[in-house]
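Below is one structure, written out as structure tokens; comments come after it.
The values are calculated or read from the model by the stated rules, or taken from the named source; none is laboratory data. Keep in mind that what you see is a predicted model, and the values were worked out from it rather than measured. Every residue, glycine among them, receives a Cβ derived from its backbone with ideal geometry; neighbour counts consider all protein chains shown. Side chains are part of the model used for accessible areas, which takes the heavy atoms of the whole protein and leaves out ligands, DNA and RNA. Shrake-Rupley method; radii C 1.70, N 1.55, O 1.52, S 1.80 Å.
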Amino acid sequence: MPLEAGLLEILACPACHAPLKEEDTELICTGQDCGLAYPVRDGIPVLLVDEARRPA
């Protein structure tokens with residue numbers, strides 16, 4: 001289930017404050033040095049750095 005466009009526009013990475021982009025069931029940080037992937041569970045973004053997946 002995609003997030004509402006208005007919601008995605010105001011969300012930012014909690015670690016570096018860069019915008020996020022939606023991919024499958026994650027929100028990916030667009031910051032060049034960051035790249036954390038935050039899960040979306042039941043349509044709710046979990047924007048906790050401890051829950052984020054590190055880039056490969």
Determine the pairs where a residue that is β-branched (Val, Ile, Thr) and open to solvent by less than 80 Å² (accessible area, probe 1.4 Å), located within the range 32-56, has a partner that is assigned to a loop (DSSP other than H, G, I, E, B) and at pLDDT 95 or above with Cβ atoms under 6 Å apart, the partner being 6 or more residues away or on another chain. Val49/Pro14; Val49/Ala15
List every residue pair whose Cβ atoms sit under 9 Å apart, with the two residues 6 or more apart in sequence or on different chains, where the first one lies in the range 6-30 and is free of Cβ contacts under 8 Å to residues at least 12 places away in the same chain and surrounded by 16 or more Cβ atoms within 10 Å (Cβ to Cβ) and the second, anywhere, is among the charged types (D, E, K, R) and in a strand (DSSP E or B). Ile28/Lys21; Ile28/Glu22
